[in-house]
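Undergrad: Got a structure for you, questions after.
Laboratory data are not the source of any read-out in this text; all were calculated from the coordinates shown. Please read all numbers here as calculations on a predicted model, not as lab measurements. Ideal geometry is used to build each Cβ from the backbone, glycine not excepted, and the neighbour counts take in all protein chains shown.
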Amino acid sequence: MDTITHAAMGIGVYSTWLAFAPPDPHLSHSVMLAAAVLGSEICDLDTVMRLFGRERFLYAHRRATHSLPGTLFFALLIAAVFQLWSSGKGPEIFFMAWFCALLHVLSDVLTAYGTAVFWPISEKRYALDVLFLYEYAWDVWLVLGLVLHLMGIPLLKVVILCDGLALLLLFIRVLNRLILPKRVRPIQQSDESAVFPPALLPWRQQFVFAHPSGIVRFGSCSWFKSPVIDAVYQTEETQAIHYVLHETKLGREFSRLARVLIGWTEREGDGFRVRLADAVFRSGRLLPFHIWVVLRLEGERFAILSEGMRFEAFRPAAWGGQVVDFPLRNKKKTPSAHSIIR
């Protein structure tokens, strides 16, 4: 979930508390608002790991700071600091910050990226594929609530309206996730695995099929359209892809996180640009979550010329409805190159 939406959720929690909580002259509203917003954002403190390298960021993101012990630690820290401005109100500040931090983690679990909720007991990342990474509707409803409140409408009525709209969107997303597997079953082959990443628009849904032979099929549907296949990829093995996946830190960390890993190579000068993307993160015909490594063959070894990681939208070569060759990796049968879904 993006930073703005997390902040909007924190403000929404604060507004709900303000509308229903009994008045307390000893409790600063500005402190509670700050605790709510900071609690909603502080779990993403792990983004500072970008300063220490892309592979360290991939390793740390949505791990310790997004775990249940992490939320507890952050809430205690916020309460300890903020009670200096509201003496004796530490428990109220703590529960506000903790609830917002837990809401942050829950909303991330509901996306397709995955979150290590039970770290350090378990490194497993949970991804329920319910919410899109950017739920702009919740930001719009926050602005709507602020406008209505400034127009003089009582806060309680505004909160009921905006909270109701937020819960309605969540209900629609959950309903889509439950119904979609049944809708796509007629076009899914018996030996294909499937992942159902949500789309930006709540009435649309995406899906990815992976066959043991290495064929990956991308599809979509909506309330008004039956499931269709948008693109098909035939996988193959290349030495450059294998090198990036096994011999580079960035490639190893990315393959550990990617749920449906796709790789392809492009000629660049006297070398190759190897790109790896997670097919679960798809916006239309764009794959926004990918890394790249530029290699040059020197004798019998590859030399790394440059590497990078991007989250902006990227249109892979030859993306369309036809079958194209993209090397993939199967973790269970290394080093054969197939699609993986976990």
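Undergrad: Quickly work out the Trp203-to-Arg50 label distance, labels modelled 7 Å from Cα along the C-beta direction, and quote it in nm with one decimal.
TA: Using points 7 Å along Cα→Cβ, the separation is 3.5 nm.
Undergrad: Please work out, to two decimal places, the log10 of the ratio I(q)/I(0) at q = 0.07, 0.09, 0.11 Å⁻¹ from a Debye calculation in which every Cα of the chain carries one identical scatterer.
TA: For the chain, the Cα-only Debye profile gives -0.35, -0.57, -0.80.
Undergrad: A further question follows. What size of dipole, in debye to the nearest 20, comes out for the chain about its Cα centre when the only charges are +1 on Lys and Arg C-beta atoms and -1 on Asp and Glu C-beta atoms?
TA: 740
Undergrad: Hey, how many Å between the Cα centroid of the stretch 67-144 and the Cα centroid of the stretch 188-262?
TA: The two parts, judged by their Cα centres, are 29 Å apart.
Undergrad: For Ala231, enumerate residues with amide H under 5 Å from its amide H, sequence gap 5+ or separate chain, H modeled in the peptide plane.
TA: Amide H to amide H, under 5 Å and 5 or more residues apart or across chains, Ala231 pairs with Phe218.
Undergrad: If you don't mind, there's one more thing I want to ask. Expected output is a single nm value to one decimal: the length gained when fully extending between Lys157 and Tyr126, i.e. 0.36 nm times separation in residues minus the C-alpha distance. What is it?
TA: Length gained, Lys157 through Tyr126: 7.6 nm.
Undergrad: Rounded, prolate or oblate: which one fits the stretch 60-129, using the alpha carbon gyration tensor with axes a ≥ b ≥ c (rounded when a/c is under 1.5, else prolate when a/b beats b/c, else oblate)?
TA: Note, shape of the stretch 60-129 comes out prolate.
Undergrad: What shape does the stretch 3-174 take by its C-alpha gyration tensor, where a ≥ b ≥ c are the square roots of the eigenvalues and a/c under 1.5 counts as rounded, a/b above b/c as prolate, and the rest as oblate?
TA: Judged from the Cα gyration tensor, the stretch 3-174 comes out oblate (a/c at least 1.5, b/c at or above a/b).
Undergrad: I would also like to ask the following. At a Förster radius of 22 Å, what calculated FRET efficiency corresponds to the Cβ-Cβ distance of Ser28 and Phe118, to the nearest 0.05? Let's see the in-between values first.
TA: Values: r = 35 Å, r/R0 = 1.57.
Here the calculated transfer efficiency is 0.05.
Undergrad: Under 20 Å from a label point 7 Å along Cα→Cβ of Ile304: give me every residue in the stretch 52-89 with its amide N that close.
TA: Answer for the stretch 52-89: 52-61.
Undergrad: With +1 on the Cβ of every Lys and Arg and -1 on the Cβ of every Asp and Glu, and nothing else charged, how large is the dipole of the stretch 151-192 about its Cα centre, in debye rounded to the nearest 20?
TA: Magnitude of the dipole: close to 120 debye.
Undergrad: Starting from the Cα-Cα distance between Ile4 and Val140, subtract it from 0.36 nm times their residue separation and give me the gain in nm to one decimal.
TA: Once the chain is fully extended between Ile4 and Val140, it gains 47.9 nm.
Undergrad: Can you work out the FRET efficiency for the pair Gln188 and Leu77, with r the C-beta to C-beta distance and R0 = 45 Å, to the nearest 0.05?
TA: Computed FRET efficiency for Gln188 and Leu77: 0.45.
Undergrad: At a 10 Å Cβ-Cβ cut-off, how would you order Leu133, Leu51, Leu286, fewest neighbours first?
TA: Fewest-to-most Cβ neighbours within 10 Å comes out as Leu51, Leu286, Leu133.
Undergrad: Per 0.36 nm of contour for each residue apart, how much would the distance between Glu247 and Ala64 grow if the chain were fully extended, relative to their Cα-Cα spacing?
TA: Working it through step by step, the gained length comes to 63.3 nm.
Undergrad: Where Lys and Arg each count +1 and Asp and Glu each count -1, what net charge lies around Ala21 among other residues with Cβ under 15 Å from its Cβ?
TA: -2
Undergrad: While we're here: Among Ser226, Ser67, Ser190, which comes first, second and so on when ranked by fewest other beta-carbon atoms within 10 Å?
TA: Details: Ser226 10, Ser67 21, Ser190 4.
Lowest count first: Ser190, Ser226, Ser67.
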